[in-house]
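Please read the structure below before turning to the comments.
Derivation of every value follows stated rules applied to the coordinates shown; laboratory data play no part. As the structure is a prediction and not an experimental result, all values here were calculated from the model. Cβ coordinates were reconstructed from backbone atoms using ideal geometry, including for glycine residues, and neighbour counts include every protein chain displayed.
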Ligand SMILES: Nc1ncnc2c1ncn2[C@@H]1O[C@H](COP(=O)(O)OP(=O)(O)OP(=O)(O)O)[C@@H](O)[C@H]1O
Ligand SMILES: [Mg+2]
């Protein structure tokens with residue numbers, strides 16, 4: 001079994017709304033993150049992702065519950081020195097040059113001058129900042145400032161890295177670079193805890209995801225397993241009317257009437273099946289009525305589909 005690097009026990013943070021009513025921004029959260037994984041924390045705006053991260057980092061305190069990180073307490077300096085953090089809004093100093101910011105952060109971790117120079121060079125390369133090292137931050141675009149934040153988060157060669165919305169402000173190339181950076185960190189054996197709204201990106205990098213809603217963990221699991229449960233099929237055809245296709249499918253006796261749908265499109269008709277079980281019978285029935293089958297595709301569930309599904313279920317219950 002993999003080592004657990006983050007563990008929370010009923011972690012809770014209560015805030016008071018402007019009207020004076022208390023609410024749990026994070027509500028009895030029990031979470032375990034394994035060494036070497038990329039874990040993505042998902043949820044709509046204002047639902048407790050940043051608050052969770054800040055509690056794990058000791059930047060804000062829990063109202064109740066507790067957490068351990070890298071096997072100890074975040075108040076322990078030697079543990080903090082093994083962690084990196086890219087905040088949601090970086091408070092980087094606008095008049096400093098990129099390399100000065102990084103030097104400043106490198107100094108916080110002590111070590112030798114040689115170590116500092118090597119780390120600065122490494123993170124500058126890693127974050128794609130080679131041509132910007134001597135620029136003042138105030139003259140950089142938002143995306144490049146974000147890259148400086150990423151470089152700064154990695155200056156101490158951390159084992160565990162927290163990224164709060166790392167793709168914010170990045171252009172499509174930057175987003176692709178970020179993906180490669182995260183996968184490289186994983187390859188190097190690091191653990192990544194990511195808050196993100198970029199579901200298509202998360203889908204490409206995350207090993208496990210957790211979904212949080214109004215402070216509560218509503219779903220957690222291995223991404224591949226969560227997405228692998230879709231068994232639906234899409235059949236595109238021509239040479240048949242929507243009404244006729246509908247009638248033929250209705251006549252298949254074993255088929256549950258809520259498990260399929262037919263839609264007219266410009267090239268003909270599409271049949272959607274929630275489960276694949278009766279695909280062959282349906283195709284046979286449609287072909288015997290003269291339909292020309294143009295494609296049969298198993299629909300693959302995306303993380304966006306899963307997210308919408310889980311959110312819908314949560315609103316109902
Ligand atoms: N210092 C604070 N005082 C009072 N309420 C706060 C404080 N910080 C956060 N909140 C509230 O706690 C809730 C959770 O906020 P949080 O920043 O954790 O959300 P989030 O999931 O990170 O959202 P986003 O996706 O927008 O970044 C929100 O309702 C927010 O308004
Ligand atoms: Mg946030």
For the chain, set up a Gaussian network in which alpha carbons nearer than 10 Å are linked by springs, and say which option among 50, 112, 191 fluctuates the most.
112
Pop a pseudo-label 7 angstrom from the Cα along the beta-carbon direction at both residue 216 and residue 112 and give the gap in nm to one decimal.
5.5 nm
Here FRET efficiency (C-beta to C-beta, residue 236 to residue 183, R₀ 45 Å, nearest 0.05) is 0.80
Rel. contact order, % - alpha carbon contacts under 8 angstrom, at least six apart, the stretch 233-298:
53 percent
When the label point is put 7 Å from the Cα of residue 244 along its Cα-to-beta-carbon vector, which residues of the stretch 257-280 have a backbone N closer than 16 Å?
263-265, 267-271
What angle do you read, to the nearest 10 degrees and between 0 and 90, between the alpha-carbon axis of helix 142-153 and the longest principal axis of the chain?
60 degrees
Any idea what the alpha-carbon Rg over 2.2 N^0.38 Å comes to for the stretch 145-287?
1.57
Rounded to two decimals, what ratio of Rg to Rh does the chain give with C-alpha atoms and a Kirkwood Rh?
1.11
Nearest 10 degrees, 0 to 90: what angle lies between the long axis of helix 303-316 and the longest principal axis of the chain (Cα atoms)?
80 degrees
Report the residue, chosen from 31, 248, 226, that carries the largest GNM mean-square fluctuation when the chain is represented by alpha-carbon nodes joined by springs under 10 Å.
248
Dividing the mean separation of Cα pairs under 8 Å (6+ apart) by the residue count of the chain yields a relative contact order in percent of 19 percent
Angle, helix 113-126 long axis vs. longest principal axis of the chain, Cα atoms, 0 to 90°, nearest 10?
20 degrees
Mean Cβ-within-10 Å packing, highest first, puts peptides 257-268, 32-43 in the order 32-43, 257-268
Residues in the stretch 225-240 near a label at residue 312, defined as backbone nitrogen under 19 Å from the 7 Å Cα→Cβ point?
226-235
Percentage, to the nearest whole number, of Cα pairs in the stretch 233-285 over 16 Å apart:
30 percent
What is the distance in Å between the Cα centres of the stretch 1-68 and the stretch 179-203?
19 Å
For the stretch 1-126, take N as its residue count and report Rg(C-alpha) divided by 2.2 N^0.38 Å.
1.26
So if R0 is 22 Å, what FRET efficiency would residue 173 and residue 88 give, r being the distance between their Cβ atoms, rounded to the nearest 0.05?
0.50
Per q in 0.23 1/Å, what log10 I(q)/I(0) does a Debye calculation on the alpha-carbon atoms of the stretch 81-175 return?
-1.25
Using eta = 0.692 mPa s and T = 37 °C, Stokes-Einstein with Kirkwood Rh from Cα pairs puts D for the stretch 85-139, in µm² s⁻¹, at 280 µm²/s
